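The values are calculated or read from the model by the stated rules, or taken from the named source; none is laboratory data. Note that the coordinates shown come from a computational prediction; the quantities given were computed from them, not determined experimentally. Glycine gets a Cβ as well: all are built from the backbone with ideal geometry, and neighbour counts include every protein chain shown. Areas reflect the complete protein model, heavy atoms only, side chains present, ligands, DNA and RNA absent. Shrake-Rupley method; radii C 1.70, N 1.55, O 1.52, S 1.80 Å.
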Amino acid sequence: MKKQWIEKRLEDLKVCPHLIDYEKTYKEFQWKEVASQFEGLPSGGLNIAHEAIDRHANGPLAQKTALVWLGEDGQRREFTFEQMKKESARFANVLHSLGLSKGDRVFTLSTRLPELYIAVMGIFKNRSVLCPLFSQFGPEPILQRMVRGDAKALLTTKSLFEKKVRPLLDRLPQLEAVLLIDAQEDESDKVRSLACLMEKSSDVFEIPPTGPEDMSILHFTSGTTGMPKGVVHVHKAIYMHWMSGKYVLDFHPDDIFWCTADPGWVTGTSYGIIAPWLHGITNVVDEAEFDAQRWYRILQNEKVSIWYTAPTAIRRLMRLDFDPLKEYDLSKLRLIQSVGEPLNPEAVVWGMEKLKLPIHDNWWQTETGGIMIANLISQPIFPGSMGRPLPGIEAAVVHKNDDGSVNEITELCKEGELALKPGWPSMFRTYLHDEERYAKCFVGGWYLTGDLAYKDKEGYFWFVGRADDIIKTSGHMVGPFEVESVLMEHPSVAEAGVIGKSDPVAGQVVKAFVSLKEGYEPSEELRRELIGFGRKKLGVAIAPKEIEFEINLPKTRSGKIMRRLLKAREMGLPEGDISTLEA
Ligand code: ATP
Ligand code: MG
């Protein structure tokens, strides 16, 4: 059914999707074909900003819109590739004039303003290292990351600076410059007005030779399982961004793309900035936070054709008793992709019912730098599966032996740790200041992801849970995702987080925290009904024994359910690092 829908939709839109024959493309794929897509720097080497902006600005796409920026209060601005080239050159000159050079860490702490996107490209041009922070972090998480990341400069706004950074200045002695996006004047030699500096800078900047292995981005992970890790990426990661832009996001020259992730997280940089521009396509950025009606309006008014979002946002849309296609014209939308958390099968079905498009799940991590496993537009979807490895990516399910070695599990549908064969271009190059931890991720020729999964006979991978979240109950191993997905099939359930609660008899018992959809109220009767529903669908061994209603589940600021926190609170244990906990 899905296949026919998609085919009809694409025919109407006159789009021929990439990658019709998965097996053939997978077999024949070569990275050197991707390499040939890039121009290389005139001065030698490979630089993200040259490939994403300058080469388009120097050619026929110069006047094409690169960025559509939607301000929180209704403003709308467009920037062409040529403008982006000039503005990012100015920013690179600003950094250079401040004495910042190759390898120096430039942190960003800003809402999604055009200056942020310009700065990102300017940082790459100057061969400095982009270190994105999420603008809603409080002072402590900012301090921790800036100290660990050896911050030399910070781009921010006046209000974020006053509220969060000024009180930290004494504890950041290595910080040389603060650039305030919206300040009219310099405050001191250190705290500067970006506008004044930009005005004095030339809009021409020749990017110095850049090595493909030069460090480009330092990203901190989401902190779902513990203290966030500093993940190091290099310029060559664009091979992966370009390739996944083609095969997963199915970029065509006339596409209008909207990635809802904030650049404080890896999806917001790899796909919210870099990948669409590598393909020379128009990228929509919305400054505002989630709002269902606003989002549907953006999809309609901006004629978005490809939308990359996350399960947490989809579940929020699903909560509403509302028919989007009755109110909005979403006829240009042809592909929805999702990442960040497991996408419950119910969400895929909701997409088909309410948007007349399935939602395509894909899997990757901050460490992998780009999409690794995906449901491609031209391939059948099995709701609940993350899809198949991209061309050039070898994935397997492995078993960890007691002596620390690993074996690949060849038996189909048997759970184990998801592993990747190292060497893909966007693979992280280290954990900052933690080489030991980095080395431990690689065992027996595999990179171990820390996620559990299995593979079916079609070669599709199914997410089971994070290794840390697996529940052992009366001799059974239970993945929280399976239980959560079943609970979500109940009409009252908007979201569920499932943990293993220590139990003297069973080892652990399955406990579910549930938030309800609009129009439902917690009650003893509903609790009993959900327990019965779980038993019927999952069997007594796996079904939750306990259910607790919560208005909202604790989540990371990137929208992931923090099961470790549900568990710590349940057990009365210390909460651990909560720097990324949503306020
Ligand atoms: P930390 O490593 O600090 O605990 P994190 O792992 O949540 O945080 P990210 O790198 O942002 O940080 O997230 C990657 C993780 O998100 C994956 O390892 C996986 O557990 C989960 N994830 C991402 N996409 C999917 C998906 N499509 N299905 C299931 N899980 C996913
Ligand atoms: Mg992780």
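Structure notes:
- Among 123-129, 191-197, 383-389, sorting by the average number of other beta carbon atoms lying within 10 angstrom of each residue, highest first, gives 123-129, 383-389, 191-197.
- All-pairs alpha carbon distance profile, the range 306-439, 5 Å steps from 0, percent: 2, 9, 16, 18, 17, 14, 10, 7, 5, 2, 1, 0
- Relative contact order %, the range 316-462, counting alpha carbon pairs below 8 Å whose residues are six or more apart: 18 percent
- Taking 18 Å as the straight-line reach from the Cα of LYS517, the aspartates and glutamates in range (excluding those fewer than 8 positions away in the same chain) are ASP291, ASP321, ASP323, GLU346, GLU353, GLU484, GLU489, GLU495, GLU525, GLU529, GLU548, GLU550.
- Accessible surface of the range 470-571, 1.4 Å probe: 51 percent of it comes from carbon and sulfur atoms.
- Distant-in-sequence amide contacts of LEU335, defined by a placed amide H-H separation under 5 Å and a gap of 5 or more residues or a different chain, comprise TRP307.
- When each of LYS332/LYS555; LYS27/LYS236; LYS421/LYS472; LYS27/LYS457; LYS229/LYS455; LYS326/LYS356 is checked by Cα-Cα distance, pairs over 20 Å: LYS332/LYS555; LYS27/LYS236; LYS421/LYS472; LYS229/LYS455
- Charged side chains reduced to their Cβ positions (Lys and Arg at +1, Asp and Glu at -1) give the range 470-571 a dipole of some 480 debye around its Cα centre.
- Kyte-Doolittle mean at least 0.5 and Cα axial length at least 15 Å: DSSP H helices in the chain: 114-125
- Estimated D of the chain in µm² per second, where Rh is the Kirkwood radius over Cα pairs and Stokes-Einstein applies at 25 °C, 0.890 mPa s: 99 µm²/s
- Of the chymotrypsin sites (Phe, Trp or Tyr not before Pro) found in the range 471-570, those that fall in a DSSP loop while having at most 16 other beta-carbon atoms within 10 Å are TYR520.
- Mean silhouette area of the range 470-571, derived from the convex hull of its C-alpha atoms and averaged over all directions, reads 6.3 nm².
- Calculated P(r) of the range 215-278 - Cα pairs past 14 Å, %: 60 percent
- Tail beyond 17 Å, pair distance distribution of the range 449-503 (Cα, percent): 46 percent
- Of interest is the spacing of the C-alpha centroids, which for the range 310-364 and the range 215-257 amounts to 22 Å.
- As a ratio to 2.2 N^0.38 Å, the alpha-carbon radius of gyration for the range 70-223 is 0.99.
- Shape descriptor for the range 121-162: Rg over Rh equals 0.97 (Cα atoms; Rh from the Kirkwood inverse mean 1/r).
- Solvent exposure of the chain amounts to 40 Å² per residue of accessible area, where only protein heavy atoms count and the probe is 1.4 Å.
- Three-way shape call for the range 528-583 based on the alpha-carbon gyration tensor, with the a/c threshold at 1.5: prolate
- Anchor LYS536: lysines whose Cα lies under 17 Å away (excluding residues fewer than 8 positions away in-chain): LYS511, LYS545
- Relative contact order %, the chain, counting alpha carbon pairs below 8 Å whose residues are six or more apart: 12 percent
- Computed extension length for TRP31-LYS158: 41.3 nm, one decimal, from 0.36 nm per residue of separation with the Cα-Cα distance subtracted.
- Per residue Cα convex hull volume in Å³ - calculated over the range 165-227: 185 Å³
- Overall size of the range 348-407 from C-alpha positions, given as principal axis extents largest first: 50, 22, 21 Å.
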